[in-house]
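FYI, it's all coordinate maths here, none of it is from the lab. These figures come from a predicted structure and were not determined experimentally. When we count neighbours, we look across all protein chains shown, and the Cβ atoms used for this are built from the backbone with ideal geometry, even at glycine.
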Amino acid sequence: MSMNNQGRPTSAGAATENTDFESFSGHKGLRLAEPLIFELGSTETTGVDVPEVGEFEMAIGGLERTSEIGCPGLPEPDAVRHYTRLSRRNYGIDMGVFPLGSCTMKHNPRLNEKMARLPGFGDIHPLQPKSTVKGAMQLMDELSHWLCTLTGMPAVALSPKAGAHGELCGVMAIRSALEARGDAREVILCPESAHGTNPATAAFCGYKVKAIPAKDNGRVDLEALKEALDDTVAAVMLTNPNTCGLFENEIRDIADAIHAAGAFFYCDGANFNAIMGKARPGDLGVDAMHFNLHKTFSTPHGGGGPGSGPVVFSDALKAHVPVPFVVKTDDGFDLVEDADDKSMGRLVAYHGQMGMYVRALSYMLSHGSDGIRQAAEDAVLNANYVLASLGDVMTASFDGPCMHEALFDDRFLKDTGVTTLDFAKAMIDEGYHPMTMYFPLVVHGAMLIEPTESESKYNMDQFITSMRGLAGEAKGGNVDRFSGAPYHAPWGRLDETQAARKPVLRYSPEE
Amino acid sequence: MRYLPLTATDRQAMLDKIGVRHIDELFKDIPNDVLNPEIDLPRHKSEMEVERYLSRMAAQNTAAGSVPFFVGAGAYKHHVPATVDHMIQRGEFLTAYTPYQPEIAQGTLQYIFEFQTQVAQLTGMDVANASMYDGSTGCSEAVMMARRVTRKKKAILAGSLHAHYASVVETTTQFTDDVIERLAPNPANPEAELQAAIDAIDADTSCVVFQNPGVFGSVLDLRPLAEKAHENKALLIVVLTEVMSLGLIESPGEMGADIVVGEGQSIGNGLNFGGPYLGLFATNQKFVRQMPGRLCGETVDADGKRGFVLTLSTREQHIRREKATSNICTNSGLCALAFTVHMTLLGEKGLRGVSLANHKAAVDLRDALKGVDGVEVLNTTFFNEFSVKLSKDAAGVVDALADKGILAGVPASRLYPGAGLDDVLILAATETVSADDIDALVAGLKEVL
């Protein structure tokens with residue numbers, strides 16, 4: 001054993017041969033164990049300055065809360081440590097490639113965070129006098145202008161809180177327009193490859209959902225669609241580019257057929273990242289389309305929200321947009337807060353996700369018209385690079401070129417004993433977040449890879465090397481590498497069946 | 001472009017690998033005549049330019065923290081410790097996705113579990129979900145959940161419910177089977193508002209929705225309402241727009257609520273001109289499977305180590321599609337984290353202390369306004385907000401005070417246009433209001449009234 005002049009061993013493993021021991025603390029080096037706050041704190045502890053309030057006569061009608069609430073507090077140092085330790089169990093875009101198809105996990109610029117926290121945006125109340133929020137109305141107007149210009153659509157509703165909420169806004173506008181002409185209709189057509197939110201939204205608005213068949217090339221079967229279109233159909237909901245990562249190349253014929261049947265064309269804009277600056281939905285016959293500002297325009301996903309789902313509308317639908325919206329006046333802007341007869345009404349309290357509007361506009365201003373087009377091109381280039389680089393070892397579901405995401409299925413895993421789920425979990429051991437799996441439902445064992453424009457060629461090449469390596473291991477019969485994966489994550493596979501069978505949804509001390 | 005890593009050399013090498021000569025060959029499925037349209041928008045800007053441009057826009061707005069500030073009506077200015085914003089900006093939280101891969105998302109899942117527990121404790125309910133978009137959308141989800149639970153359609157919205165919330169319920173349910181009966185607001189007589197809600201309940205009622213403290217600030221004991229609802233096999237939905245009140249006032253659970261929906265903005269989250277905010281949604285154990293939204297539950301991993309996963313997802317749209325309990329997908333994850341970090345800093349002791357300070361500020365404001373001619377305080381009970389009747393049009397008074405650099409509250413006519421409430425002003429005083437602020441408001445009111 002080599003020693004330095006203080007007598008300490010200088011090479012790894014030299015001190016002890018046995019590294020498979022439990023620590024006394026429960027920690028494993030930088031993997032720090034951390035219990036729940038309910039196991040750490042006490043209701044007597046606080047990490048804030050409690051204001052000193054003297055005796056006074058209360059005016060709460062004798063309804064004082066005397067029973068214990070039970071929420072423990074932590075002093076500030078421990079609170080910081082608690083949530084810092086938790087954070088280190090998470091994977092985020094900041095850590096590495098996040099190729100989650102359909103979710104557009106692109107870089108979240110910190111400039112956007114800084115802008116949203118300017119007191120003039122972050123510290124203004126939605127109901128303070130309009131004369132004191134001129135800049136906020138201007139920001140909403142400017143964001144509206146960018147969204148309308150990028151889509152070639154005449155109107156936008158900013159207020160929906162997320163993509164699914166935007167879908168609801170869009171379908172409600174369609175139903176409002178149909179009812180205004182005395183013909184609500186009964187059916188909405190969705191392809192089987194649609195996001196689950198599409199049929200859920202349609203049902204919410206009182207429509208029956210019928211499936212549109214797809215062709216072997218992963219696109220809508222136009223002839224079958226025409227057949228299904230009759231005077232009971234209110235709308236067709238299509239994602240374009242679709243969830244197979246393909247552009248619907250017959251989109252204008254589709255739109256014409258929809259309109260000829262007196263129905264409306266709703267476009268799920270989750271995949272707008274592929275075509276922003278390259279093509280405008282307004283040129284393709286779309287009547288309504290929602291954005292996910294948290295996908296296309298880089299507002300953070302935040303571990304599941306907040307999102308923001310503005311919807312653009314065609315002339316045929318724009319009278320039905322919800323309140324509030326900003327209008328230009330002689331001396332600036334006004335915020336219309338009360339619905340007229342045609343408006344569908346109000347979908348949220350106040351004015352929607354202002355904090356997300358600021359971030360999205362910050363992204364748009366940074367990119368400009370030139371950068372937005374370049375971003376779409378780079379996103380599509382990266383996805384096609386994946387398709388071209390993995391096509392020989394994995395099975396691409398459809399011929400390229402693809403748009404901003406590449407769809408593979410599990411045919412290459414046939415007879416290996418490795419499933420799509422196993423393969424995805426093995427990606428965690430490689431240091432990547434898994435791709436979207438088992439979605440869309442139209443191919444078996446789907447693996448949907450969306451690299452986004454945020455990845456460099458170096459990152460792409462490393463990712464491709466890992467994926468090729470894993471495909472080789474699977475085909476080479478190394479099933480163990482997959483069936484127990486992940487091995488290097490802080491947790492092994494979680495038992496979801498147990499969680500659902502006897503749900504434990506909160507901490508209880510008697511456990 | 002600073003956010004785009006690919007170089008021209010990279011792009012060429014990648015096109016070569018793909019086997020195309022020009023990027024637009026990858027866009028060949030887009031009809032050629034609409035490809036690459038002229039986009040009449042400015043070109044890219046540097047970070048410095050964007051910062052300058054947006055800062056100028058922000059400077060046209062009056063920040064709440066820069067003036068005497070009494071605006072509430074469902075969104076409140078509270079002090080949020082610096083730690084909260086620091087924690088939510090950690091990239092591991094900020095840039096994570098919904099925790100569908102629990103092996104590498106235990107950070108998010110554990111804080112959701114903590115959040116669900118805190119919300120359940122605060123509201124006095126058995127369980128809470130992982131959050132909704134905001135209080136108003138949560139309210140409409142609760143109404144639809146009550147229809148599923150009771151298999152009845154008629155929902156009664158009490159006059160105490162924030163006008164925006166009532167509108168959201170009406171808008172969202174206009175194409176569902178729900179039938180909405182909306183009662184009139186009555187700021188001068190909250191007991192009559194409560195009685196009207198009690199009287200409206202009948203055998204066809206699925207739920208009654210009551211906000212407490214009400215939009216005009218009054219605090220009421222809802223037990224008689226719960227009793228009448230339960231006699232008729234209807235659910236009591238209690239709406240909270242000021243969750244800070246739970247540190248001082250009996251919880252909705254103690255008063256007999258079946259579902260509690262709330263706006264959680266007050267804890268951990270800034271005003272943000274109305275969003276993003278945080279919908280709280282809590283109910284009793286027996287209704288769990290009818291709840292909308294994500295739920296996090298405890299389990300173990302392959303080694304038997306405790307961990308957490310999203311669970312009961314067979315209620316949700318990505319599994320159930322058109323048969324889901326709701327179409328909600330994204331929620332307010334990061335706002336929930338802010339809530340949880342702030343709640344963990346507060347603890348029960350801090351929450352009770354800050355709640356009491358809120359009430360004290362409002363009591364001080366009420367006492368100060370008693371000496372102002374033309375101001376009549378309408379409330380006998382309140383938490384940190386109450387309504388006054390002015391001798392002049394409230395919107396005009398608020399505008400006149402805004403010109404003097406005082407943001408004096410919300411004119412009731414902004415929420416209830418044409419309802420005959422033009423002289424009513426809703427004023428909030430939180431722990432951020434100082435004695436100087438109150439003096440400034442009193443002096444300003446004396447000038448404009």
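Annotations for the structure displayed:
- Distant-in-sequence amide contacts of B:Val300, defined by a placed amide H-H separation under 5 Å and a gap of 5 or more residues or a different chain, comprise A:Asp495, B:Gly307.
- Percent antiparallel among DSSP beta bridges (both partners in the protein assembly as shown, rounded to 5): 60
- Relative contact order (%) - criterion: Cα under 8 Å, at least six apart; region: region B:270-394: 15
- Listed values for region A:482-499 are Karplus-derived 3J(HN,Hα) couplings in whole Hz (6.51 cos²θ - 1.76 cosθ + 1.60, θ = phi - 60°), namely 9, 5, x, 5, x, 9, 9, 7, x, 10, x, 4, 8, 7, 6, 5, 4, 4, and x replaces Gly and Pro.
- Dipole check for the protein assembly as shown: with +1 at the C-beta of Lys and Arg, -1 at the C-beta of Asp and Glu, and the Cα centre as origin, the magnitude is about 1140 Debye.
- Span from the region A:220-245 Cα centroid across to the region A:448-467 one, whole angstrom: 32
- Most positive-pole-ward Cα, A:Gln353, A:Met460, A:Ser25, against dipole of chain A from beta carbon charges: A:Met460
- In Hz, Karplus ³J(HN,Hα) per residue of region A:183-188 (6.51, -1.76, 1.60; θ = phi - 60°; x = Gly, Pro): 8, 5, 6, 10, 10, 10
- Relative to its Kirkwood radius, the Cα radius of gyration of region B:253-382 gives an Rg/Rh of 1.10.
- Over the residues of the protein assembly as shown, the helix contribution to mean residue ellipticity at 222 nm works out to -11000 deg cm²/dmol, using -39500 (n - 2.57) for each DSSP H run of at least 4.
- Length-normalised contact order of chain B in % [C-alpha pairs under 8 Å, at least 6 apart]: 20
- Both radii are taken from the alpha-carbon atoms of chain A; with Rh as the Kirkwood radius, Rg/Rh is 1.02.
- Three semi-axes of the equivalent ellipsoid, the protein assembly as shown, Cα gyration tensor, whole Å, largest first: 44, 34, 27
- Only the Cβ atoms of Lys and Arg (+1) and of Asp and Glu (-1) were treated as charged; on that basis the dipole of region A:112-365 about its Cα centre amounts to roughly 760 debye.
- Neighbours of B:Glu242, meaning other residues whose beta-carbon lies under 13 angstrom from its beta-carbon, give a summed charge of -2 when Lys and Arg score +1 and Asp and Glu score -1.
- Anisotropy class of region A:387-511 from Cα gyration tensor, a/c 1.5 cut: prolate
- For chain B, the share of DSSP beta bridges that are antiparallel, to the nearest 5, is 55%.
- Restricted to Cα atoms, region A:208-259 shows a radius of gyration and a Dmax of 10.6, 31 angstrom.
- Convex hull (Cα only) mean projected area of chain B, reported in nm² to one decimal: 27.4
- For chain A, with +1 on Lys and Arg beta carbons and -1 on Asp and Glu, the positive-most of A:Pro213, A:Met105, A:Leu225 along the dipole: A:Met105
- What the phi angles of region B:238-247 give under the Karplus curve with 6.51, -1.76 and 1.60, with θ = phi - 60°, is a coupling list of 9, 9, 10, 9, 10, 5, 4, 5, 5, x Hz, glycine and proline written as x.
- Kirkwood hydrodynamic radius of region B:82-342, Cα pairs, Å: 18.6
- Across region A:112-365, the mean sequence separation of Cα contacts (distance under 8 Å, 6 or more residues apart), normalised by length, yields a relative contact order of 29 percent.
- Region A:112-365 - share of DSSP beta bridges that are antiparallel (%, nearest 5): 40
- Cα centroid of region A:119-183 to Cα centroid of region A:346-380, whole Å: 13
- In plain terms, the residue of B:Arg294, B:Arg90, B:Arg306 with the fewest other Cβ atoms within 10 Å comes first and the most crowded comes last, giving B:Arg306, B:Arg90, B:Arg294.
- Euclidean distance between Cα centres, region B:380-449 to region A:24-75, Å: 34
- For chain A, a simple Cβ point-charge model (Lys and Arg +1, Asp and Glu -1, everything else neutral) yields a dipole of about 660 debye relative to the Cα centre.
- Charge dipole of region B:374-449 about the Cα centre (unit charges at C-beta), most positive-ward option of B:Leu421, B:Asn379, B:Gly444: B:Leu421
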